[in-house]
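Beneath this line is the structure, given in structure tokens, with notes to follow.
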Amino acid sequence: MNDRKNSLMPNRRFCVTDSTEHFHFSVSFCPDSQKPIEVFISGRKNYKKIDKQLQELAIKISKIMRTGIKHDLPEVWR
């Protein structure tokens with residue numbers, strides 16, 4: 001991920017948040033292009049124990065959204 005490009009993004013961006021019975025999801029958007037650039041995922045209740053894995057997945061998704069880089073997600077995610 002390009003650190004310089006990330007440092008130019010404002011700390012506060014428009015964000016849409018939703019949740020299911022087991023998870024919370026948020027997507028933030030680039031103020032200039034209005035494109036989604038970042039994803040946050042966290043578990044609810046009994047799913048808190050997998051928050052670390054959800055965070056790592058969200059970081060990989062965010063990198064792909066921002067840069068289109070080739071990713072190393074398991075085949076099932078491609």
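Kindly provide the set of residues from segment 7-62 that are touching a helix residue (DSSP H, G or I) at 6+ places or on another chain (Cβ under 8 Å) and of a type in the set (S, T, N, Q), ordered by number.
SER42, the sole residue that qualifies.
So which residues in segment 14-28 are of a type outside the set (Gly, Ala, Ser) and either more than 13 Å from the chain's Cα centre (by Cα) or exposed (fewer than 15 other Cβ atoms within 10 Å of the Cβ) (or both), if there are any at all?
Once the filter is applied, which keeps residues that are of a type outside the set (Gly, Ala, Ser) and either more than 13 Å from the chain's Cα centre (by Cα) or exposed (fewer than 15 other Cβ atoms within 10 Å of the Cβ) (or both), segment 14-28 yields PHE14, CYS15, VAL16, THR17, ASP18, THR20, GLU21, HIS22, PHE23.
For segment 45-68, name all the residues that are in contact with a strand residue (DSSP E or B) (Cβ under 6 Å, 6 or more places away or on another chain) and either touching a residue at least 24 places away in the same chain (Cβ under 8 Å) or on the phi > 0 side of the Ramachandran plot (or both).
Within segment 45-68, the first condition is being in contact with a strand residue (DSSP E or B) (Cβ under 6 Å, 6 or more places away or on another chain), and the residues that meet it are 50-51, 54, 58, 61-62, 65-66.
Those that are in contact with a strand residue (DSSP E or B) (Cβ under 6 Å, 6 or more places away or on another chain) and either touching a residue at least 24 places away in the same chain (Cβ under 8 Å) or on the phi > 0 side of the Ramachandran plot (or both): LEU54, SER62, MET65, ARG66.
Looking only at segment 48-62, count how many residues are surrounded by 16 or more Cβ atoms within 10 Å (Cβ to Cβ) and modelled with pLDDT under 85.
Number of matching residues: 0.
The values are calculated or read from the model by the stated rules, or taken from the named source; none is laboratory data. The structure displayed is predicted, hence computed values, not measured ones. Glycine gets a Cβ as well: all are built from the backbone with ideal geometry, and neighbour counts include every protein chain shown.
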